[in-house]
Structure formats: structure tokens, C-alpha cells
Amino acid sequence: MEAHHHPENDPAYKGLSVNKGISDVPVVNPYQKKKAKRRNYSVDEFVAGIREGNISVLSQAVTLVESSLSEHQAVAQEVIERCLPYTGNSIRLGITGVPGAGKSTFIEALGMHLIREGHKLAVLAIDPSSERSKGSILGDKTRMEELSVAANAFIRPSPSAGSLGGVARKTRESIILCEAAGFDTIFVETVGVGQSEIAVHSMVDFFLLLQLAGTGDELQGIKRGIMEMADGIAINKCDGSNVDKAMLAKAQFKNALHLFPMSESGWTPDVIPCSAIEKNGIDEIWKMVERFVVFTKTNGYFDHHRNQQSKYWMYETINEQLRNHFYESPELHERILEMEKRVISNEVSSFIAAKNLLESYYAKTNSRD
């Protein structure tokens with residue numbers, strides 16, 4: 001019988017006929033090229049590729065750093081350790097700002113200015129919302145049209161899962177890989193104003209606060225702690241009818257900065273109006289960063305600050321590993337839920353519950369030893 005034989009076409013059924021159908025259409029587009037399978041590199045190949053400045057190898061190494069799989073982490077940590085001797089030769093710039101301050105446009109303007117001067121730039125992002133959404137902000141990469149295709153630029157969105165501390169640690173490890181790949185300038189961007197500023201401040205040399213003029217009280221909504229962390233303030237969108245407002249905002253910020261105690265570095269933060277769209281003031285902002293680097297290297301603060309950061313991240317990593325080990329313990333899972341119920345029903349205090357859980361954890365750990 002034919003594959004498309006229809007009994008309705010039998011002479012017995014007068015006046016009824018069914019046309020022959022077409023053969024089954026393939027599910028996969030025959031014209032689509034097969035995607036090349038990503039190659040798995042050895043540690044030696046990763047290190048060699050990174051040192052050569054191979055962006056593809058660097059991207060894959062950063063992906064390993066961001067992975068939560070233990071086998072990926074083992075390779076990533078070995079690659080990082082092998083890359084350490086080739087790091088520390090960049091200027092690390094943290095950039096934060098209020099929503100609507102034009103951060104992406106500013107980063108592209110400053111980034112392209114640096115690339116034209118012969119620098120190699122890596123832009124990394126820390127997204128505090130990723131802890132909830134488990135997603136990363138990719139919009140910045142599409143908004144930075146010129147920078148994202150520049151030969152000497154590498155843009156990487158935020159790691160896509162984990163606590164802010166975990167995401168920040170992975171970003172710091174990514175800085176090490178970027179420096180080993182020859183990037184002499186690293187931008188670490190925060191998405192919005194919040195807790196992520198503290199994490200960014202703990203991994204950069206210069207912390208830049210991007211502000212906006214003409215929105216009413218310029219100091220409103222900026223936390224004192226963020227102002228105190230700033231090594232410099234850039235007032236963006238100083239163009240057109242906004243120039244006078246920007247100059248007024250400059251005076252307000254300068255007065256506010258005088259109220260804060262002198263920073264440990266001995267540096268006095270400057271306030272510079274700029275326009276990322278018109279490219280005005282961009283050069284002055286980078287010159288401020290360069291002055292800061294010379295000033296802090298001369299008085300010894302630059303190296304002292306980096307040493308303090310390395311120590312901070314050692315303890316942060318210990319805290320994160322201990323916390324993960326505690327909560328991932330299968331023996332404690334049921335006991336934690338049980339204690340949770342007892343705390344809610346006021347049978348036991350939060351502190352006693354925590355003490356009992358920790359004692360159980362220590363007992364289990366000691367018994368394994």
C-alpha cells in the first residue's frame with residue numbers, strides 16, 4: 001500500500017476523492033548550520049589563551065568562575081592561581097549612580113575615550129537584583145553600541161545567581177583574569193544605588209559617584225555612606241539648559257563633601273560636571289582618576305588599600321564557604337525546619353535555636369574528623 005493511499009479514492013466511493021499529500025517536513029531547518037560545540041580547555045590552555053589576550057578563552061574562563069559546579073570551580077581556581085603573578089597592573093574604577101543618571105552612556109563615553117588613548121578596557125557589572133531574579137542585566141551591553149564592538153573592550157554582565165557576596169567574589173576573580181589578559185583599565189559598575197556599593201568599593205581603587213542635576217534637592221536619596229565612599233563625583237547631563245543646574249549641584253556637593261571627615265587616603269574628592277552625550281568633561285574625569293592614582297601611590301595608600309581588599313576577600317570567602325557548608329548539610333536540613341517552627345511558635349528563642357543548630361553542626365563535623 002502506498003504511504004499516502006486514501007481508501008476514499010476507491011471507485012466504490014463515487015464523487016469523493018482526496019488529493020495526495022506532501023512528504024513530512026523535516027523538524028530541523030536543513031539550511032541551519034550546526035553550532036560548533038564549545039571546546040573544553042585544559043588549565044594550561046586557559047592560562048596560555050588568557051595571557052595571549054584571547055577574548056573567547058577569557059569569556060569561557062569567566063563562565064567557569066561564575067559556575068556553581070564543583071568541577072568547574074576546581075578548574076577556575078587553578079586558572080586564577082596561575083594568573084595571579086600577571087595581575088595588579090590595572091586601574092580599577094568603580095562606577096555607581098542614581099537611576100536615570102545616564103550610567104551606560106557615561107561608561108561608553110569614558111570607555112571610548114580610554115580606548116582612543118590606547119588603553120584596553122574591561123567592563124564588569126554587579127547586579128544586586130540577580131539574587132532574586134537569578135538573571136543578569138544584559139541591557140547595558142546593547143546600550144553601549146560603540147563600546148561593545150570595540151576591539152580593545154570586553155563587556156561582561158553580572159554573574160547570574162547567588163548572594164550579593166558570592167556575585168561580588170566572582171566579579172573580583174573575573175578582575176584577576178581580565179588583568180592577566182592585558183586589560184589595563186577595569187570598570188566595575190553597579191546597577192542602581194544600594195548594598196552593592198560596599199561590595200564594589202572593596203575591589204576597586206577609585207570609586208566614582210555619577211550624579212544628575214536638575215532633579216530638585218541634589219543630595220536627597222543619596223546615602224551618607226555612599227557619599228563618604230566616593231573618591232570623586234561626576235555630574236552628568238551638563239548640557240543645554242541644564243548647565244546652570246549642574247554648576248549649582250557642583251557647589252552643593254562640594255559643600256557636602258567638606259562636612260565629611262578626611263578619608264584614610266588623604267585625598268580630597270573633586271566634583272566635575274560632564275556631558276556623556278556631548279563628550280564634555282570626560283577627559284577631566286579621567287585626569288582626576290590619574291591624579292588620585294599618583295597621589296595614593298606616592299603616599300603608600302594605593303598598595304595598602306589593595307592589601308586590605310585581598311585580606312577582606314579572604315575572610316569573605318571563608319564566611320561564604322562556612323555558611324554554604326552549614327546550610328547544605330543534609331543531616332541538618334530537617335532539624336533547621338523543626339527549629340524554625342519552634343521559633344515561630346515561641347517554644348524557643350531565636351538565639352537558643354541557633355546555638356542548638358550550631359552545636360549539632362559542630363558535633364557532626366567533629367564526628368567525621
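The values are calculated or read from the model by the stated rules, or taken from the named source; none is laboratory data. All figures in this text were calculated on a predicted structure; none of them were measured in a lab. Heads up, the Cβs are rebuilt from the backbone with ideal geometry, glycines too, and the neighbour counts pull from every protein chain shown.
So here's what we get for this one:
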{"read-out": "Wholly enclosed helices (runs of 4 or more DSSP H) of the range 129-206 bearing at least 1 residues in contact with a Pro (Cβ under 8 Å, 6 or more places away or on another chain) and at pLDDT 85 or above", "value": "164-180"}
{"read-out": "Single match in 100, 118 (criterion: in the same structural domain as residue 179 (by TED's automatic domain parsing), modelled with pLDDT under 90, within 30 Å of residue 279 (Cβ to Cβ) and loosely packed, with under 12 Cβ neighbours inside 10 Å)", "value": "100"}
{"read-out": "Test result for residue 291, modelled with pLDDT under 90, under 30 Å from residue 225 (Cβ atoms) and not acidic (Asp, Glu)", "value": "no"}
{"read-out": "In the range 209-248, residue surrounded by the fewest Cβ atoms within 10 Å (Cβ to Cβ) [restricted to those that are among the β-branched types (Val, Ile, Thr) and at pLDDT below 70]", "value": "215"}
{"read-out": "Meets criteria (touching a Cys at 6+ places or on another chain (Cβ under 7 Å) and either part of a helix (DSSP H, G or I) or touching a residue at least 12 places away in the same chain (Cβ under 8 Å) (or both)) for residue 277", "value": "no"}
{"read-out": "Matching residues, the range 63-72, being surrounded by 14 or more Cβ atoms within 10 Å (Cβ to Cβ) and assigned to a helix (DSSP H, G or I)", "value": "63, 64, 65, 66, 72"}
{"read-out": "Residue in the range 327-334 that is among the aliphatic types (A, V, I, L, M), surrounded by 13 or more Cβ atoms within 10 Å (Cβ to Cβ) and in a helix (DSSP H, G or I) present", "value": "yes"}
{"read-out": "Any chance residue 358 is outside the structural domain of residue 106 (by TED's automatic domain parsing) and part of a helix (DSSP H, G or I)", "value": "yes"}
{"read-out": "Candidate set from the range 249-274 (those that are outside any loop (DSSP other than H, G, I, E, B) and β-branched (Val, Ile, Thr)); member that is surrounded by the most Cβ atoms within 10 Å (Cβ to Cβ)", "value": "271"}
{"read-out": "Residue match in the range 44-54 (condition: at pLDDT below 95, surrounded by fewer than 21 Cβ atoms within 10 Å (Cβ to Cβ) and at positive phi)", "value": "yes"}
{"read-out": "Pairs with Cβ under 7 Å, 6+ apart, first in the range 241-262 and free of Cβ contacts under 8 Å to residues at least 40 places away in the same chain and within 14 Å of residue 274 (Cα to Cα), second polar (S, T, N, Q) and outside any helix (DSSP H, G or I)", "value": "249/211"}
{"read-out": "Residue in the range 340-348 that is of a type in the set (Gly, Ala, Ser) and in a helix (DSSP H, G or I) present", "value": "no"}
{"read-out": "Some residue of the range 336-355 being among the aromatic types (Phe, Trp, Tyr) and under 29 Å from residue 68 (Cα atoms)", "value": "no"}
{"read-out": "Every pair of residues 6+ apart whose Cβ atoms lie under 8 Å, when the first sits in the range 331-350 and is closer than 18 Å to residue 363 by Cα while the second is of a type in the set (Phe, Trp, Tyr) and assigned to a helix (DSSP H, G or I)", "value": "332/326; 332/361; 336/327"}
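Conditions (1) at pLDDT 90 or above; (2) within 30 Å of residue 108 (Cα to Cα); (3) over 26 Å from the mean Cα position of the chain (by Cα), marked per residue:
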{"site": "256", "(1), (2), (3)": "no, yes, yes"}
{"site": "305", "(1), (2), (3)": "yes, yes, no"}
{"site": "319", "(1), (2), (3)": "no, no, no"}
{"site": "329", "(1), (2), (3)": "no, no, yes"}
{"site": "334", "(1), (2), (3)": "no, no, yes"}
